Structure formats: structure tokens, C-alpha cells
Amino acid sequence: MTEILMNVRDLVVDYGGGADRLRAVDTVSFSLYRGETFAVIGESGSGKTSLAHALAGIVEPAAGSIDRVPGADDRAAGTSHVIFQDPRSALDPRLAVWQCVAEPMAPRRLRIPRSTRPAAVGLLRRVGLGDELADRKPAQLSGGQRQRVTIARAVASRAELILCDEPVASLDVSLQSEVLALLAELRDEHGLTYVFISHDLGSVARIADRVGVMYMGRLVELGPTASVLESPRHPYTQALLAAVPKPTRVRRERRGLLLRGEIPDRRNPPSGCRFRTRCHLATDRCATTAPVLTDDTESHSAACHFRQEAIEAWQSALGPAADRKEESR
Ligand SMILES: Nc1ncnc2c1ncn2[C@@H]1O[C@H](COP(=O)(O)OP(=O)(O)OP(=O)(O)O)[C@@H](O)[C@H]1O
Ligand code: SF4
Ligand SMILES: [Mg+2]
């Protein structure tokens, strides 16, 4: 995965203006590679959806740039498609299920020609839905079936970038697993690139190649999934991971890494490092100087002045190797 699909530089998304201005995405930079699944994690309100909406062109950035690198195939250049958490909002309740899938294929999307029905029914089959559902209305499907329709619709759009915003959050655990497997298969079959937003680190571990961690609008850690989830370098990522319930005892030291306090007022963020009001490693330097995302090894970077101390704190919270084995059992 070396071919770049998109370069995002110093992206800013604001809502409102003047004293009420809320900076939802704050100077975020990264590159997206063709064919990868790039997960975005972070607490509620950290700016994940705002980032995805800027990438999809749904919101206009206040500053920065999003540059698409054209591909070699005949895909509609520069197109993207969003799969939302709640599939009801994405499907027109007046249309039959097959028409919901065929709609993005129709020229100018004014009339949906009957000739597109076989292709739509074929896609419905591909996502595991029988022909008998094709003439129903979306309201006559279960939540899991509706989400499969939105996935078929995303493939029908022929967009090369699919922004999946909590795509399995509304489904029960066994359906989540099936839909994740389907998303991965379709990605590989159609050469899709995903931005995958999720609160569920288990889903992220299963589907994502890389992970970006957001805190108060900023990207604070970025790296390969296994590296970020197993050896996090930012105290915020470490706190998110320490909060995941473990079947075995939680080590006392790991509790020391857990998030403390509330997210500060978004309209009046802390100076320097945004995380400093909740960070167990914070010093005066953190209040005066904002850390930048720094690449240490294997393209794994973190925005923290004290990355080495953070790594040591994480290793000590994990305990000796023998304990680690016991915990993972
Ligand atoms: N249309 C809007 N107008 C004003 N503020 C908004 C709007 N959309 C989002 N916000 C604010 O921007 C910030 C980031 O919101 P965003 O929806 O991007 O977060 P998120 O990380 O997707 O959260 P969640 O996990 O809850 O979906 C929040 O403080 C939110 O209240
Ligand atoms: S820069 Fe300072 S406050 Fe921010 S995460 Fe690192 S140690 Fe904590
Ligand atoms: Mg969101």
C-alpha cells in the first residue's frame, strides 16, 4: 500500500463564527493510501464525523487542503460515498429496495430506469439479501438488512473512497461481525479505500490497516493498527485502551492511565497540548507549547513532548512479560 489516494494538509473545520466558533477539526494532516482501511477513533465530540464530512465534501473546510490523486482505473474520479450509522437516514423511504441501490447508478439520479434492476438485484445478492426483498420498502427490512442495502448502494456508486461512520454500531454483535467481514470482502473485490470511524476498538483491530486517534479536533497519534493498539505512544490513546474491559484482573498501574476529568469546553480549549488537563505526564511545557505529530519508527507517530515517558508508563502498566501472557489468556 504505497499509492496515495489523498493528501490532507492542515485541515480545519469550524462551526459557527465569532465568539461562538467551534473548531471541530484543527490543523489535521495525513495521507490516505489506495486500498487501505484507515480507522479514526476518539471520544464523542473529538471531530471524527466532521473530518469524514470534510473529506466527502459535505462540509466546507475553513482552511487547509484535500488533494485527490487521480487513479489509473475508470472510476468516477474524486467521488466518495458515506455509510452512516443509522441506515434509515440514507435510504429514501418512498423507493423500493432495489431502487435505493440503483439510484447512484442512474444518470443525474432523476429517474431510475428499470434496466438497472438486474444490476441492483445482483448487488443485493452480493451483500446477502434475497431477491424477495428487492421490491420491499426500506421500512420493511430489519436494521441489519437496511445496513446491507446501504453497503450495496455504496458499491453501486462506484466511489473509490467510502467513509464508514460507525457502520456497525446499531447492529447486534453477531451481525457486526458479518457486516465487517462483508465490508472487508467488498474492499478487496472492488479496490475500495475506507475511512472507518468507530468507538469499538475490536472492530478497528479486525478491519483497519492504520489508525488515527483524535482528541479535541487534533490528530494525536497515527500508525499501523497493531502498533497503535498494542504499543500506544500517546497518553490519550493509552487511556482509551486502558479503559477497554479485560476479562482478567486490571492491573493497578493500568488504572493510573485511565482518563480523568471531563473534556474541556470546545469553544475555549486549553493552551499548548489540548490533553494536558487530563494527562498524568503533563508539565509546564505542555501548557506553553503544542506538540506536533512526530514520526518515531515504522510510520508510527504521536503528538506528545514526552513520548518516551509515555511508552515507559505503558510498558510498566502492562507488567513483566509473564503477566502479559496471563492477561491475554
Ligand atoms: N453542524 C454542527 N454545528 C455545530 N457544531 C457541530 C456540528 N456538528 C458537530 N458539531 C460539534 O463539533 C464537534 C465535533 O463533532 P463530531 O460530530 O465531528 O464528533 P464525533 O467525533 O463524530 O463524535 P461522536 O463520536 O459523538 O459521533 C462537537 O463538539 C460537536 O458538538
Ligand atoms: S504533551 Fe504533555 S500534556 Fe500532552 S500528552 Fe504529552 S505529556 Fe501529556
Ligand atoms: Mg460522529
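The values are calculated or read from the model by the stated rules, or taken from the named source; none is laboratory data. Small disclaimer: the values here were computed from a predicted structure and weren't measured. As a convention, Cβ positions derive from the backbone with ideal geometry for all residues, glycine included, and neighbour counts pool all protein chains shown.
Tabulated values for the structure
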| read-out | value |
| --- | --- |
| Selection count, segment 30-48, where residues are in contact with a helix residue (DSSP H, G or I) (Cβ under 9 Å, 6 or more places away or on another chain) and within 24 Å of Ile263 (Cβ to Cβ) | 5 |
| Matching option when the condition is small (Gly, Ala, Ser), in a helix (DSSP H, G or I) and touching a residue at least 40 places away in the same chain (Cβ under 8 Å), among Ala24, Ala39, Ala52 | Ala52 |
| Sole exception among (1) within 16 Å of ligand 1 (Cβ to nearest atom); (2) free of Cβ contacts under 8 Å to residues at least 12 places away in the same chain; (3) over 23 Å from Phe196 (Cβ atoms) for Ser89, by number | (3) |
| Criterion violated by Leu11 - all others in (1) more than 16 Å from ligand 1 (Cβ to nearest atom); (2) in contact with a strand residue (DSSP E or B) (Cβ under 6 Å, 6 or more places away or on another chain) satisfied | (1) |
| Any hit, segment 164-178, residues being within 16 Å of ligand 1 (Cβ to nearest atom), crowded, with 23+ Cβ neighbours inside 10 Å and under 20 Å from Met105 (Cβ atoms) | no |
| Segment 278-329, residues that are in a loop (DSSP other than H, G, I, E, B), among the small types (Gly, Ala, Ser), surrounded by 14 or more Cβ atoms within 10 Å (Cβ to Cβ) and at pLDDT 75 or above | Ala282, Ala290, Ala303 |
| Top-ranked residue in segment 256-277 [being closer than 15 Å to Ala303 by Cβ and in contact (Cβ under 8 Å) with a residue 40 or more places away in the chain; ranked as surrounded by the fewest Cβ atoms within 10 Å (Cβ to Cβ)] | Pro269 |
